[in-house]
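Participant: Shown below is the structure under consideration.
The values are calculated or read from the model by the stated rules, or taken from the named source; none is laboratory data. These figures come from a predicted structure and were not determined experimentally. Cβ sites come from the backbone with ideal geometry, for glycine too, and all protein chains shown count toward neighbours.
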Amino acid sequence: MQINANYSVNGVPYDNKRKQNNIPQFSTECAVQENENINPYMAEPLVYVCDCYQKFNVVTGMPKSNFGDSFGYDMQKDISSHMTDFYAGKVSREELNSYFEECCTSMRTYRTSQHQTSGTNEADNTQIVSEMYEVFAKENARAASQANYQEGKALNEKYYSDSHSDWTYYNSDYYYQCNETNAALRESVKQMIEKWDLDEIDCDKIEANSSLTLDGGFDFNSTWNFEFRNQAGRSSLAKESAIPPENFKMFFKEQVTSFTEDNKFNGNLKITIGENNYDLKVPFQTLRTGSEGEICNVWDLMEDYYPKSEDTSKVKNFLGNMSVFTRWYAYETRINDIFGDYEVSHKELS
């Protein structure tokens with residue numbers, strides 16, 4: 001039964017009558033009833049509305065970001081953990097899709113309980129799904145980059161038995177897995193649009209306008225550049241849109257020999273393309289005339305060894321955009337301060 005705020009009992013206003021008889025005041029918090037056997041992320045809110053107080057039904061409005069408070073922060077950490085487990089093979093793609101829906105439902109439940117939305121407002125529900133995609137897609141790219149990094153770290157310890165950070169690593173498997181997972185997340189968005197009866201959500205626009213880009217974008221190559229160009233300062237992709245060959249791996253170690261009298265030393269480059277393995281010297285030299293002796297284009301190093309009978313266009317296009325260099329080169333040229341694409345300087349690619 002709903003009780004009107006102006007209702008009186010025997011001429012005494014109900015609110016006073018309530019106090020006289022020690023009747024508990026109705027809570028201004030929404031009551032959310034959940035079955036204990038239901039996953040809390042899947043529980044939809046059951047809201048009992050009481051209009052004893054006019055302010056009870058007031059919706060204060062959605063926050064600027066659903067991930068700006070402690071609830072959202074904890075959820076983002078959990079999403080990050082799930083993505084890490086996904087790349088470790090502990091979470092399937094089907095489980096990831098279900099988890100996306102669980103997070104959307106949980107966020108709507110929480111925002112409803114905080115009187116920030118009615119739970120049925122289309123604009124609010126669109127905001128929830130849109131921001132959920134943004135965070136999932138970002139954590140996808142971060143998890144792919146981290147999986148690549150950990151694999152490279154293990155190889156450095158295997159090859160050189162040290163924990164130095166003078167190495168870089170690229171595994172194209174993570175590039176393709178990151179792309180495929182991003183596409184799967186977009187399908188999850190479409191499913192939520194259908195379930196909640198929303199208008200179309202433009203995922204490309206979400207990524208283009210996102211502020212979550214300090215450590216790269218939503219793709220593997222830009223997060224790889226952040227790790228090894230901007231942070232490590234030893235490798236770079238000039239064009240982040242460059243597509244790697246399938247089954248491609250590259251491991252680079254800056255210095256594996258001592259300096260000679262003329263300031264020369266060698267780095268090491270290990271490349272796998274399909275079933276072919278290449279182990280190459282990377283000739284560096286510290287020159288007083290400039291820094292040109294401290295950077296090498298990967299295709300220039302590979303060209304003489306790659307089989308002439310095979311179609312080289314895809315391999316050349318990718319490796320021609322990849323360079324390896326010394327930490328001192330990064331310091332001198334400030335290449336580690338460049339974000340995004342830049343022109344390839346070694347020679348024009350055909």
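Participant: Filter segment 94-132 down to residues that are touching a Ser or Thr at 6+ places or on another chain (Cβ under 7 Å) and closer than 18 Å to Asp202 by Cβ and give me whichever is surrounded by the most Cβ atoms within 10 Å (Cβ to Cβ).
Facilitator: Phe100
Participant: What's the number of the only condition in (1) basic (Lys, Arg); (2) within 33 Å of the chain's Cα centre (by Cα); (3) farther than 23 Å from Lys239 by Cβ that Lys281 fails to meet?
Facilitator: With (1) basic (Lys, Arg); (2) within 33 Å of the chain's Cα centre (by Cα); (3) farther than 23 Å from Lys239 by Cβ applied to Lys281, the lone miss is (2).
Participant: Let me ask another. Look at segment 208-246 and say how many of its residues are of a type in the set (Lys, Arg) and either crowded, with 23+ Cβ neighbours inside 10 Å or on the phi > 0 side of the Ramachandran plot (or both).
Facilitator: Counting residues in segment 208-246 that are of a type in the set (Lys, Arg) and either crowded, with 23+ Cβ neighbours inside 10 Å or on the phi > 0 side of the Ramachandran plot (or both) gives 2.
Participant: Now for a different question. Can you name every residue in segment 151-179 that is small (Gly, Ala, Ser), over 19 Å from Asn230 (Cα atoms) and assigned to a helix (DSSP H, G or I)?
Facilitator: Hits for segment 151-179 are Ala154, Ser172.
Participant: From the residues in segment 124-175 that are free of Cβ contacts under 8 Å to residues at least 60 places away in the same chain and of a type outside the set (D, E, K, R), which one is farthest from Leu198 (Cα to Cα)?
Facilitator: For segment 124-175, the residue satisfying everything is Ser161.
Participant: Among the candidates Glu227, Glu194, which residue alone is of a type in the set (D, E, K, R), under 25 Å from Ala330 (Cα atoms) and at pLDDT 95 or above?
Facilitator: Every option except Glu227 fails the conditions.
Participant: Answer yes if at least one residue in segment 137-150 is assigned to a helix (DSSP H, G or I), in contact with a helix residue (DSSP H, G or I) (Cβ under 6 Å, 6 or more places away or on another chain) and more than 19 Å from Asp215 (Cα to Cα), and no otherwise.
Facilitator: no
Participant: Could you pull out the residue among Leu237, Leu198, Leu185 that is among the hydrophobic types (A, V, I, L, M, F, W, C) and over 30 Å from Ala123 (Cβ atoms)?
Facilitator: Leu237
Participant: OK, next. Collect the residues in segment 59-113 that are over 18 Å from Ser145 (Cα atoms), polar (S, T, N, Q) and without any contact (Cβ under 8 Å) to a residue 40 or more places away in the chain, keeping them in residue-number order.
Facilitator: Answer for segment 59-113, where residues must be over 18 Å from Ser145 (Cα atoms), polar (S, T, N, Q) and without any contact (Cβ under 8 Å) to a residue 40 or more places away in the chain: Ser70, Ser92, Ser98.
Participant: When you scan segment 286-308, how many residues do you find that are free of Cβ contacts under 8 Å to residues at least 40 places away in the same chain and loosely packed, with under 14 Cβ neighbours inside 10 Å?
Facilitator: Here the count works out to 9.
Participant: Looking at segment 112-128, which of its residues are out of contact with any Cys (no Cβ under 8 Å at 6 or more places or on another chain) and not in a loop (DSSP other than H, G, I, E, B)?
Facilitator: Just the residues of segment 112-128 that are out of contact with any Cys (no Cβ under 8 Å at 6 or more places or on another chain), to begin with: 114, 116-127.
Matches in segment 112-128: Glu122, Ala123, Asp124, Asn125, Thr126, Gln127.
Participant: Condition first: modelled with pLDDT of 95 or more, surrounded by fewer than 14 Cβ atoms within 10 Å (Cβ to Cβ) and under 14 Å from the mean Cα position of the chain (by Cα). Can you find one or more residues in segment 199-207 that meet it?
Facilitator: Looking only at segment 199-207, we keep the residues that are modelled with pLDDT of 95 or more, and these are 199-207.
Right, trim to surrounded by fewer than 14 Cβ atoms within 10 Å (Cβ to Cβ) and you get 199-200, 202, 204-205.
Checking the rest, the ones that are also under 14 Å from the mean Cα position of the chain (by Cα) come to none.
Looking for residues that are modelled with pLDDT of 95 or more, surrounded by fewer than 14 Cβ atoms within 10 Å (Cβ to Cβ) and under 14 Å from the mean Cα position of the chain (by Cα), one finds none in segment 199-207, hence no.
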